[in-house]
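A.B. asks: Structure incoming, see below.
The values are calculated or read from the model by the stated rules, or taken from the named source; none is laboratory data. From a predicted model like this one, the values you see are computed outputs, not experimental measurements. Every residue, glycine as well, gets a Cβ built from its backbone with ideal geometry; the counts of neighbours run over all protein chains shown. Just so you know, the surface numbers come from the protein's heavy atoms only, side chains and all, with ligands and any DNA or RNA stripped out. Shrake-Rupley method; radii C 1.70, N 1.55, O 1.52, S 1.80 Å.
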Amino acid sequence: MYAHIEELADRMTEKLVACRRDFHKHAESGWFEMRTASLIARRLTDMGYEVLAGRDVCRDESRMGLPPDQELEKNCLRAKEQGADTEFLEKVRGGFTGVMGILRCGEGPTVALRFDI
C-alpha cells in the first residue's frame with residue numbers, strides 16, 4: 001500500500017511544484033489571501049469536495065486586526081487580475097478567506113485536517 005501511495009505522490013510532483021510556485025509568485029499578506037483561497041476552493045470543488053467558503057465559515061466578529069475596507073477591496077481587484085477564481089472570489093471578498101472542504105465517505109470515523117495559508 002505504501003508503495004502505491006508513493007507512486008501516486010511521485011506522479012503528482014510536477015503539478016504540485018507548479019502549484020506551489022504559482023502561489024509564491026502571487027504572494028498575499030494576511031487577510032488578503034483572496035486569490036489563494038479562491039483557487040483552493042476551486043480545486044477542492046473540482047476534486048469532488050463539498051466546499052464552504054467566506055461567510056459560510058468565517059464570523060465577521062471573530063476576525064481581529066482586519067485591514068481597512070479600501071485595502072481589502074484593492075487586494076480583491078489584484079486577486080482578480082492575477083487569476084483568482086471569480087465564483088469563489090466573491091465569497092472570500094472582504095477578507096473572509098476561510099475555506100472548508102468536506103468529503104463525505106459514509107459513516108464515521110471523522111477526520112479533520114487544518115491548514116493555514
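A.B. asks: Name the residue that is nearest to the chain's Cα centre (by Cα), counting only residues in the range 66-113 that are under 14 Å from Trp31 (Cβ atoms) and of a type in the set (Lys, Arg).
C.D. replies: Arg93
A.B. asks: Right, next: Only one of (1) out of contact with any Cys (no Cβ under 7 Å at 6 or more places or on another chain); (2) outside any helix (DSSP H, G or I); (3) surrounded by 10 or more Cβ atoms within 10 Å (Cβ to Cβ) is not met by Ser29, so which one is it?
C.D. replies: (3)
A.B. asks: Does Leu44 fit the bill of being under 12 Å from the mean Cα position of the chain (by Cα) and at pLDDT 95 or above?
C.D. replies: Considered against the rule, which asks whether it is under 12 Å from the mean Cα position of the chain (by Cα) and at pLDDT 95 or above, Leu44 comes out as yes.
A.B. asks: Among the numbered criteria (1) out of contact with any Phe, Trp or Tyr (no Cβ under 6 Å at 6 or more places or on another chain); (2) under 22 Å from Arg104 (Cβ atoms), which one does Ser29 miss?
C.D. replies: For Ser29, the failing item is (2).
A.B. asks: Out of the residues in the range 32-47 meeting the condition of being of a type in the set (A, V, I, L, M, F, W, C) and open to solvent by less than 70 Å² (accessible area, probe 1.4 Å), tell me which one is farthest from Gln82 (Cα to Cα).
C.D. replies: So the residue we want is Leu44.
A.B. asks: I would also like to ask the following. Within the range 6-17, can one find any residue that is surrounded by 10 or more Cβ atoms within 10 Å (Cβ to Cβ), in contact with a strand residue (DSSP E or B) (Cβ under 9 Å, 6 or more places away or on another chain) and in a helix (DSSP H, G or I)?
C.D. replies: no
A.B. asks: I would also like to ask the following. What about Glu71, is it surrounded by 10 or more Cβ atoms within 10 Å (Cβ to Cβ), modelled with pLDDT under 95 and charged (D, E, K, R)?
C.D. replies: no
A.B. asks: Which condition number in (1) open to solvent by less than 30 Å² (accessible area, probe 1.4 Å); (2) at positive phi is the one that Gly83 fails?
C.D. replies: (1)
A.B. asks: Identify, by number, the condition in (1) of a type outside the set (S, T, N, Q); (2) over 17 Å from the mean Cα position of the chain (by Cα); (3) part of a helix (DSSP H, G or I) that Arg55 doesn't meet.
C.D. replies: (2)
A.B. asks: Got a number for residues in the range 66-117 being touching a Pro at 6+ places or on another chain (Cβ under 9 Å) and in a loop (DSSP other than H, G, I, E, B)? Let's see the steps before the verdict.
C.D. replies: Going residue by residue through the range 66-117, those that are touching a Pro at 6+ places or on another chain (Cβ under 9 Å) are 75, 95.
Pick out the ones that are also in a loop (DSSP other than H, G, I, E, B) and you get 95.
Of the residues in the range 66-117, 1 are touching a Pro at 6+ places or on another chain (Cβ under 9 Å) and in a loop (DSSP other than H, G, I, E, B).
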